[in-house]
Amino acid sequence: EKEEAEGDNVSAKRKKKKKSEKKRKKKGKHKKKSGRCSDSSGSDSETTYPSDLKREQKAPVASNFSWLDDLQLPTEHQFCVDRKPDAANWTYKSLYRGDVARYKRKGSSSLGLHPRSQGVSWQESESNKKQKGGDKKKAADRYFSAVSRQLLRSESAVPILPKGENNRGETGDRVQTSSVNPLGVYDSSTALWLQGKGQQEQAVQQKQDTQTGDSALLMTRRTEEFNRQLRQQPTDTKLWIKFIRYQDELNLAEFRGEEEQHGSLPTERRKSSYRAVLEKKLSIAERAVDSNPTSVSLQLERLRICQQLWEPSALAKEWKKLVFLHPNSAPLWREYLLFTQSYFSNFTVSRVNSAYGKCLSTLGCVRDGSMLSHPALPGVEEDLLDIFIQQCHFLRQSGHSEKAVSLFQAMIDFTFYKPDSVRQLSTRQQVELFEPFWDSGEARVGELGARGWKAWMLQQERGGWLQPSADDEEEEEEEEEEVKDRSQPRGTVWLDVEWSREAAHWLPWRPDKAKGQSEEDCEDPDRQVLFDDIGSSLICLSSPELQLRFLLHFLSFLGLPVDSVLSPALCQPGLLLENLSFLTEGNKLQPPLTSHDLPATGVNSVGHMTTLQGNRKWMGLGKQGERFVTNLLNMVQPVLPLPHRAVLSLSWMQYEKLKVLHCLRSGNKKRLRSQGKSSKRVAKRLLKEPDNRSSLVLWREYAHLEWLLGNLDEARKVFSTATAIGGTEGLSSPALCELCQLWSVLEVEDQAGVRGGGLTDVTVSPAVSVLTRLAEGTSSSSSSSAQPLSPVSVLKARRSYEQSLSIIDNYRTNKKLRLSGLVGCYALFQYLTVGIQAANAVYSPAREKMEALHHKLTLDKQANRNKEANLAGADAGNSAADSSHTSWHHVRKIASECQVLAVQQAALLRYHNSISVFPLATLRQMLTSALSTWPSCAPLWSIYAQVENRYHSAGRARRFFHSVTRDNSSVVPRLFAIVTEQRRKQLVDAAQRSYCHDTALPILPENGLSNRILGLFESAIGTDMGAHFDPCLLFLLLYIHKLILSLPCLRGCGLYMDAVQLFPEKLQEYVDLMTEKELRLRLPLEELDILLED
């Protein structure tokens, strides 16, 4: 019976197949001829489908199971056929579909078929499409599907195990034991999956609805809680701002819920939803402002929302109205100035410059007490100085360096050479009296023969003085030909001339009356600076500390290195970052331990324009600029108190050392020799002054200068002389500790065979000898450092270092202590005598104590500042500002000490890792802990990037960058994250370009780096740092370089230079736009054509 049933099935299938073949012949659609039965050429054949080829090869087989011995069929039909074959399993030796190669077809031809008469249709039939559509619904959801995302966002995503027997009864249905779940640790869905079963669709949908309902209920409760608190505390401005920003979170939850229910939403609906949220936030902000009309923070939050809803003209009117109502709020003025700089449609240099003048003159009236309706707030002088410096950098970035230098010159005369008879007048009256001096043609600060405003006014009362004749010895500089290579493209020639003129013509032009010159003789009218351009920006600084900070800002503007503690960055330091060397300084071959002695500031000096490829060749300030700096320092130093005079001398000597460093990196030996002689001459002249003869700080810089020039014996003599000057102070002198630390570090770098803890006899090490003599309180010399030490002296020195570190506990009361030198000396001593672990044990506790002290002092000062802000009256505000300035200076000093210690520790660990076997985890852990505390420290980020770039696994660094940027608004970690990914992409591209078929790739190719870099840019723009009116210039340069886009809609003359460099064919458009926005244009195109014709 079984065989008969099988026979009936086979015959039925044959009949069914014959009927289907007849139908195909009648329709004439799927006709084909077999190669075995026909010898024709196939010219009359039609399209052949793969399904037809498969059907002919199929044999009638049994659909049910039967024994092979019982089946009475030919041997060729005695095997079952798999209905769903997958040849890829045999081809690729794997069941994973990701191993199957994917490709796109080129054309519709197929091998083995006639190209004209035969073909294969690669389109799927409707039945297959329906079948695949049905399989998609039954397929398991991937992690990125809507269901999986909803499950991850739900609160109870992980099942909770029962804790006791009482809970087993409640959750017995979920944790029932079975053969697949003997311990009862799986939930019901997992147990069904182990059994090969699935949950019912209704139960899954019901669970998702419950989770969605719980999330919506939670958001509703939070909204109700906000409303309740705001009804009870309507004057809590922080709560209002928190509720406004909570609307974004609420909208995100609702938006995701709709997307998961209805699929991806169209773009128009997303825009409408975003606009609705903005309208909602605006209504809340207006209600908050009505309840707190005097709150500036709520007004700013409201304008941030209106920025995306209103037109620029309406927004500008609202800003003017707001600064009119709150003229004494410096933070509000800063935001208004950034608004005027960032809106491209209304941007011109003159308009922004007048806004700066209006701000400074208004705040000056508030500071003087002339504006009776609004009292001065604490710290108004410090705010005035910050806004003034920001205006000078804006003028420099827009190309008007002459106006910026004139502002500094006028402020120096207005501050340090003010006549005694005008000091009690208001700022406006003083400015009116200062105008005749500025227009008199008298020599100004930095020019030869300058005497100052006070001397000029005193001589005018006596009848004036005769104008001295021109100095015949002054050599006139020969004018070089500006166009050196006429074969270059027109855009390249324009860029070269523009750069050379900017480097040479950054000083304002003034007529030389001795030579009979007048204002009409100036070839470029923009080089002349009138009093109307600077008069409204002059301010009064009464505090000596602020006066010193102003001078240091001017020196930094000219390119001199300054103390970061005495001259802190502005309130928005990211706005000034523009120099790529700020990020690439650590890539150059530098000494491992002393390379961070003068870190790059990231801000270009005057006369050096920013380009996409970084700075052009460093040329200094030229002969005229160097004379200007020398005259400036010689004129200002006599009017300063002795401590401030020492600060300027230190900055001057460091500037000479910086010029020698640039010559060393350039590799020009002839230039290095001439610069070395000039720098040594300046250093010796400074040390010969009576006030500087006992300054260990200046002796330290001079000895380092000699070491850089290769004069090691002379440098050791200078170090020995300095230690003899220090006397027996020993470890109690911070300056002597820093000097000995530098000397010992240079000795360690000079000895290539020194390995921490691996020395056979540390008593013969020159560095150990220097550090031991310091602990003993005896002077070191080159002869004494060559003599071996006794082991007892080494032990006594270690004991002295341990006792000296106890002063960290007294650091809070004694504000003049500097611990970086002492801790650095002790750590290096331990490294050379014991090992790297001992040195690390010195740095880590010291850093922890200092960071804890800084955190505590910061909280205390913030609390005190909030109390001082409530003081009424201008006198009380000024006294509070002075005390606050002193305390904040101490906090900044502690922060600087902590960063210096962290950089020293990281440099020492990296140095030891480079010369011996040492686990990298210690260095990486130290860097991550320090960077989490100080995310704006560029030297630490530079070391971290170099360490991580040595390894091809970028996941750890990416996670750390994300964790830091998520909780911090600083631009520095974001810039280093972008540059690190760009370096990695360059490494991958170089490896792929060098690939040959017979060699293996040095690293695995990685896709998606370009998209990751663009994602980092977009995420940075989306933060408060980027979205708040104006990102930093360096960030924009990197972004443009990555996107290779046309002109950006932001200010900055350097941006337009970069655009010309990328798109030289659009030179005329960019020049016209620069002229329209009043950016500085030193070479008009008409003059360029004349130069090319000549």
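The values are calculated or read from the model by the stated rules, or taken from the named source; none is laboratory data. Every value quoted in this text rests on a predicted model; they were computed, and no experiment measured them. Note that we place each Cβ from the backbone using ideal geometry, even for glycine, and neighbour counts take in every protein chain shown. For accessibility, only protein heavy atoms count, side chains too; no ligands or nucleic acids. Shrake-Rupley method; radii C 1.70, N 1.55, O 1.52, S 1.80 Å.
Residue-by-condition table, conditions (1) modelled with pLDDT of 90 or more; (2) open to solvent by 60 Å² or more (accessible area, probe 1.4 Å):
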residue	(1), (2)
Ser800	yes, no
Tyr811	no, no
Lys816	no, yes
Ala827	yes, no
Ala846	yes, no
Leu853	no, no
Thr858	no, no
Gly873	no, no
Gly877	no, no
Report task. Within region 971-984, identify whether any single residue is at pLDDT 90 or above and not polar (S, T, N, Q), and answer yes or no. Result -> no
Query raised in the report: When you go through Arg287, Arg269 one by one, which is the residue that is open to solvent by 20 Å² or more (accessible area, probe 1.4 Å), at pLDDT 90 or above and farther than 30 Å from Leu1079 by Cβ?
Result: Arg287
Query raised in the report: Would you call Arg302 within 25 Å of Val606 (Cα to Cα), free of Cβ contacts under 8 Å to residues at least 24 places away in the same chain and either among the charged types (D, E, K, R) or outside any helix (DSSP H, G or I) (or both)?
Result: no
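For the structure I just gave you, tell me whether Ser942 is open to solvent by 20 Å² or more (accessible area, probe 1.4 Å), in a helix (DSSP H, G or I) and closer than 25 Å to Asp750 by Cβ.
Numbers: open to solvent by 20 Å² or more (accessible area, probe 1.4 Å): no; in a helix (DSSP H, G or I): yes; closer than 25 Å to Asp750 by Cβ: yes.
Criteria not met by Ser942.
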Query raised in the report: When you scan region 1073-1094, how many residues do you find that are open to solvent by less than 80 Å² (accessible area, probe 1.4 Å), assigned to a helix (DSSP H, G or I) and more than 13 Å from Trp494 (Cβ to Cβ)?
Result: 1
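So which of Ser780, Ser785 ends up being at pLDDT below 80, open to solvent by less than 20 Å² (accessible area, probe 1.4 Å) and outside any helix (DSSP H, G or I)?
On the way: Ser785 fails: outside any helix (DSSP H, G or I).
Unique residue meeting the criteria: Ser780.
Going through Val823, Val754, Val762 one at a time, which residue ends up being at pLDDT 80 or above and out of contact with any Asp or Glu (no Cβ under 7 Å at 6 or more places or on another chain)?
Details: Val754 fails: at pLDDT 80 or above; Val762 fails: at pLDDT 80 or above.
Matching residue, one of Val823, Val754, Val762: Val823.
Using the structure shown, decide if Ser694 is over 21 Å from Phe628 (Cα atoms) and open to solvent by 30 Å² or more (accessible area, probe 1.4 Å).
So Ser694 fits the description; yes.
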Query raised in the report: Among the candidates Glu656, Glu738, which residue alone is in contact with a Lys or Arg (Cβ under 9 Å, 6 or more places away or on another chain), among the acidic types (Asp, Glu) and open to solvent by 20 Å² or more (accessible area, probe 1.4 Å)?
Result: Glu738
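Take region 320-373 and flag every residue that is hydrophobic (A, V, I, L, M, F, W, C), in contact (Cβ under 8 Å) with a residue 12 or more places away in the chain and open to solvent by 30 Å² or more (accessible area, probe 1.4 Å).
Taking region 320-373 as the starting set, the residues that turn out to be hydrophobic (A, V, I, L, M, F, W, C) are 322-325, 330, 332-333, 337-339, 344, 347, 349, 352, 355, 359-360, 363, 365-366, 371-372.
Restricting the remaining residues to those that are in contact (Cβ under 8 Å) with a residue 12 or more places away in the chain gives 322-323, 330, 332-333, 337-339, 344, 347, 349, 352, 355, 359-360, 363, 365-366, 371.
Result: Phe344, Met371.
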Query raised in the report: Any chance region 298-311 includes a residue that's open to solvent by less than 20 Å² (accessible area, probe 1.4 Å) and at pLDDT below 80?
Result: no
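Going through Gln488, Gln467 one at a time, which residue ends up being at pLDDT below 90, over 44 Å from the mean Cα position of the chain (by Cα) and surrounded by 11 or more Cβ atoms within 10 Å (Cβ to Cβ)? Walk me through how you get there before you give the answer.
Values: Gln488 fails: over 44 Å from the mean Cα position of the chain (by Cα).
Result: Gln467 is the single residue among Gln488, Gln467 that is at pLDDT below 90, over 44 Å from the mean Cα position of the chain (by Cα) and surrounded by 11 or more Cβ atoms within 10 Å (Cβ to Cβ).
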Report task. Scan (1) open to solvent by 70 Å² or more (accessible area, probe 1.4 Å); (2) modelled with pLDDT of 75 or more; (3) over 17 Å from the mean Cα position of the chain (by Cα) for the single condition Leu1004 breaks and write down its number. Result -> (2)
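A quick yes/no check of all residues on (1) modelled with pLDDT of 90 or more; (2) assigned to a helix (DSSP H, G or I); (3) closer than 30 Å to Leu1081 by Cα:
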| site | (1), (2), (3) |
| --- | --- |
| Cys365 | yes, yes, no |
| Met371 | no, no, no |
| His374 | no, no, no |
| Leu377 | no, no, no |
| Leu385 | yes, yes, yes |
| Phe388 | yes, yes, yes |
| Gln391 | yes, yes, yes |
| Gly399 | no, no, yes |
| Ala404 | yes, yes, yes |
Query raised in the report: Which one is farthest from Gly516 (Cα to Cα), of the residues in region 448-464 that are modelled with pLDDT under 85 and assigned to a loop (DSSP other than H, G, I, E, B)?
Result: Gly463
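Condition check: over 28 Å from the mean Cα position of the chain (by Cα) and assigned to a loop (DSSP other than H, G, I, E, B). Does Ala316 satisfy that?
On the way: over 28 Å from the mean Cα position of the chain (by Cα): yes; assigned to a loop (DSSP other than H, G, I, E, B): no.
Spelling it out, it is not the case that Ala316 is over 28 Å from the mean Cα position of the chain (by Cα) and assigned to a loop (DSSP other than H, G, I, E, B).
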Query raised in the report: So which of Glu689, Glu701 ends up being touching a helix residue (DSSP H, G or I) at 6+ places or on another chain (Cβ under 6 Å), in contact (Cβ under 8 Å) with a residue 12 or more places away in the chain and closer than 27 Å to Val629 by Cα?
Result: Glu701
Query raised in the report: So which residues in region 544-557 are modelled with pLDDT of 90 or more and either among the polar types (S, T, N, Q) or in contact with a Phe, Trp or Tyr (Cβ under 9 Å, 6 or more places away or on another chain) (or both)?
Result: Gln547, Phe550, Leu551, His553, Phe554, Leu555
Query - Failed criterion for Asp533 (all others in (1) charged (D, E, K, R); (2) without any contact (Cβ under 8 Å) to a residue 60 or more places away in the chain; (3) touching a helix residue (DSSP H, G or I) at 6+ places or on another chain (Cβ under 6 Å) hold) - result: (2)
Report summary line: When Gln391 is run through (1) under 23 Å from Gln528 (Cβ atoms); (2) more than 26 Å from the chain's Cα centre (by Cα), the failure sits at (2)
